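Novice: Input: one structure, supplied below.
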Amino acid sequence: IGGRLAAVICIEDPLRPESTQVIKELRKLGISKIVMMTGDSERTAASIAKRVGVDVYYSEVLPEDKAGFIEREKAAGRKVVMIGDGINDSPALSAADAGIAISDGAELAREIADITIGADDLSVMVTLKEISNGLMDKIHKNYRRIVGINGSLIALGVTGVIQPTMSALLHNTSTLLIGMDSMKSVL
């Protein structure tokens, strides 16, 4: 006013307080590369990336560039999880192996995403990864058990040690027991 600065208006998306801890915990759970892609300026992106501890960051990224990055990572044999909340994240959410939208984000992002999480706290990402790891462990364990049991039953049946009816009974019983064990909580 009158040639002098009268006010400065600053607009900032506040950093979620749990962000740094969530990234540390996701690393411990096996996520090997954490990338931040944003449409924000280089300066803003560099500041946030440093504070939260991502491996790599990209600034001033367009929506199609996010999706392109994900496609290149998938082509390189990596599994990609994308977390986003805006309309501009929708192509990348769709391209990812698992798209995760934040519930207070754009409706389009929520519609396209495979999973929608509550926006209150990003710590649910850690819980999701723990559940995922637990489910994969259970699947591998069950596979080994089923192959071991069925292989043994086939060998015992072929050698004549047990009758086909006993083999069928043992197979069905083991299937039921493994199925019941699978109903236990993974956490």
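The values are calculated or read from the model by the stated rules, or taken from the named source; none is laboratory data. Treat the numbers as computed from the prediction; the structure is a model and nothing was measured. We place every Cβ from the backbone using ideal geometry, glycine too, and count neighbours over all the protein chains shown. Heads up: the accessible areas ignore ligands, DNA and RNA and are worked out on the full protein's heavy atoms, side chains in. Shrake-Rupley method; radii C 1.70, N 1.55, O 1.52, S 1.80 Å.
Novice: For the chain, give the magnitude of the charge dipole about the Cα centre (Cβ charges: +1 Lys/Arg, -1 Asp/Glu; no others), in debye to the nearest 20.
Specialist: The calculation lands at about 960 debye.
Novice: Specify which residue in the list Y143, V158, A101 is farthest towards the positive end of the charge dipole of the chain, using unit charges on the beta carbon of Lys, Arg (+1) and Asp, Glu (-1), about the Cα centre.
Specialist: My answer, from the dipole projection, is V158.
Novice: Counting pairs of Cα atoms in the chain, how many percent are more than 29 Å apart?
Specialist: Tail of the P(r) past 29 Å holds 43 percent of the pairs.
Novice: Quick one: dipole size for region 30-135, taken about the Cα centre, charges +1 on Lys/Arg Cβ and -1 on Asp/Glu Cβ, in debye to the nearest 20.
Specialist: Value, rounded to 20: 480 debye.
Novice: With charges only on Cβ, +1 for K and R and -1 for D and E, what is the dipole size of region 102-151 about its Cα centre, in debye, rounded to 20?
Specialist: The dipole of region 102-151 has a size of about 640 debye.
Novice: With springs only between Cα atoms under 10 Å apart, run a GNM on the chain and tell me which of L177, L62, L108 wobbles the most.
Specialist: The residue with the greatest mean-square fluctuation here is L177.
Novice: Set Lys and Arg Cβ to +1 and Asp and Glu Cβ to -1, take the dipole of region 26-94 about its Cα centre, and tell me which of G68, I31, V52 lies farthest positive.
Specialist: Projecting each Cα onto the dipole axis, the largest value belongs to I31.
Novice: To continue, here is another question. Work out Dmax and Rg for region 1-87 from the C-alpha atoms and quote the Rg first, both in angstrom.
Specialist: Expressed in Å, the Cα Rg and Dmax of region 1-87 come to 16.6, 61.
Novice: Using only Cα atoms, find the angle between the long axis of helix 42-52 and the longest principal axis of the chain, and express it within 0 to 90 degrees, rounded to the nearest 10.
Specialist: 50
Novice: Using the beta-carbon distance between S47 and D120 and R0 = 22 Å, what value does 1/(1 + (r/R0)^6) give for FRET efficiency, to the nearest 0.05?
Specialist: Efficiency, from the Cβ-Cβ distance: 0.35.
Novice: Of the lysine pairs in region 1-114, how many meet both conditions: Cα atoms under 14 Å apart, and a spacing of 8 or more in sequence or different chains?
Specialist: Lysine pairs satisfying the spacing and distance rule in region 1-114 number 5.
Novice: Still on this model: Got a sec? What order do K184, K28, K74, K141 fall in by accessible area at 1.4 Å, biggest, i.e. largest, first?
Specialist: My answer, sorted largest first, is K28, K184, K141, K74.
Novice: Between V158 and K138, what FRET efficiency follows from the Cβ-Cβ distance if R0 is 35 Å, with the result rounded to 0.05?
Specialist: Once the sixth-power term is evaluated, E becomes 0.70.
Novice: Lys and Arg at +1, Asp and Glu at -1: add these up for the other residues within a Cβ distance under 12 Å of T20 and post the number.
Specialist: Spelling it out: positives minus negatives among the neighbours equals +3.
Novice: Residue separation times 0.36 nm, minus the C-alpha to C-alpha distance between R27 and M180: what's the value?
Specialist: Net length gain for the segment: 51.9 nm.
Novice: A further question on this structure: Where the centre of each part is set by its Cα atoms, how far does region 87-134 sit from region 135-187, in angstrom?
Specialist: 36
Novice: I would also like to ask the following. Report, in deg cm²/dmol and to the nearest 500, the calculated mean residue ellipticity at 222 nm for the chain, where each DSSP H run with n ≥ 4 adds -39500 (n - 2.57) and the sum is divided by the residue count.
Specialist: Estimated from H runs of four or more residues: -17500 deg cm²/dmol.
Novice: In square nanometres and to one decimal, what's the mean projected area of the convex hull around the Cα atoms of region 104-147?
Specialist: That works out to 3.9 nm², a quarter of the Cα hull's surface.
Novice: Continuing with the same structure: Kindly express, to the nearest 10 degrees and within the range 0 to 90, the angle between helix 19-28's C-alpha long axis and the longest C-alpha principal axis of the chain.
Specialist: 30
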